[in-house]
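One structure is given below, encoded as structure tokens.
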Amino acid sequence: MTTPLPDYPDVEKCIGALLRPLVEHDAHIGNFVVEDYDEQIGDHDTPFITVTQRGGPTEMDNFTMYPVIEVSSWGKSRTVARDTMRGIVRLLLLDTFGEQFMAGGALFDSVEDVTGSQENETENSEDRCMTMTFQLECRPMFD
């Protein structure tokens, strides 16, 4: 008999829901490739946030998943990108103190900073992108 895999949360959607207040529209956050940034952004003060899961182990003994996520803040200026990243850090680390928190209807046991923030090179030198990597701890919620 095969034991079914537990229903783990979609980490990208959960963290996107938590960070949603930092952007103007739902279309400005998620797992997507920012290609035509100049055409997508009308207002120079409007940030984009990308959330991408980059793997992470799962311990089947205790049904715990440790997803690694990369979160990037995009802005038409360094100030917009950095201020948005500060908001991301505040929501993920400072408001939760790295302890148990709810996001997108799922329960996360912890979060920690893996890399610190770094500025990425962009194709257009006027665009700015700050990236941080976090490791989360979550378990499926059982009824």
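For Met102, all conditions in the list (1) touching a strand residue (DSSP E or B) at 6+ places or on another chain (Cβ under 9 Å); (2) touching a residue at least 24 places away in the same chain (Cβ under 8 Å) hold save one; what is the number of the exception?
Tallying (1) touching a strand residue (DSSP E or B) at 6+ places or on another chain (Cβ under 9 Å); (2) touching a residue at least 24 places away in the same chain (Cβ under 8 Å), Met102 fails exactly one: (2).
I'm checking my understanding of the structure. Among residues of segment 119-143 that are among the polar types (S, T, N, Q) and assigned to a loop (DSSP other than H, G, I, E, B), which one is surrounded by the fewest Cβ atoms within 10 Å (Cβ to Cβ)?
Ser125
Filter segment 106-118 for residues that are among the aliphatic types (A, V, I, L, M) and open to solvent by 30 Å² or more (accessible area, probe 1.4 Å); which is modelled with the lowest pLDDT?
For segment 106-118, the residue satisfying everything is Leu107.
Restricting to segment 55-91, and then to whatever is basic (Lys, Arg) and either touching a Pro at 6+ places or on another chain (Cβ under 8 Å) or more than 15 Å from Gln118 (Cβ to Cβ) (or both), can you tell me which residue is modelled with the highest pLDDT?
Looking at the filtered set, the residue picked out is Arg90.
Do we find that Glu121 is under 21 Å from Pro21 (Cβ atoms) and without any contact (Cβ under 8 Å) to a residue 12 or more places away in the chain in this structure?
no
Please identify the pairs in which a residue from segment 65-79 that is of a type in the set (Asp, Glu) has its Cβ atom under 7 Å from the Cβ atom of a residue that is surrounded by fewer than 23 Cβ atoms within 10 Å (Cβ to Cβ), counting only partners at least 6 apart or on another chain.
From residues that are of a type in the set (Asp, Glu), the pairs are Glu70/Thr52; Glu70/Arg54; Glu70/Thr131; Glu70/Thr133.
Anything in segment 86-105 that is open to solvent by less than 10 Å² (accessible area, probe 1.4 Å) and part of a helix (DSSP H, G or I)? List them, or say none.
Residues satisfying the conditions are Gly87, Ile88, Leu92.
Among the residues of segment 75-84, count how many are in contact with a Lys or Arg (Cβ under 7 Å, 6 or more places away or on another chain) and closer than 19 Å to Ile15 by Cα.
Total satisfying the criteria: 1.
The values are calculated or read from the model by the stated rules, or taken from the named source; none is laboratory data. Owing to the predicted nature of the structure, the values given are computational and were not obtained by experimental measurement. Here Cβ is always computed from backbone atoms with ideal geometry, including for glycine, and neighbour counts include all displayed protein chains. Surface accessibility is based on the protein's heavy atoms, side chains included, excluding ligands, DNA and RNA. Shrake-Rupley method; radii C 1.70, N 1.55, O 1.52, S 1.80 Å.
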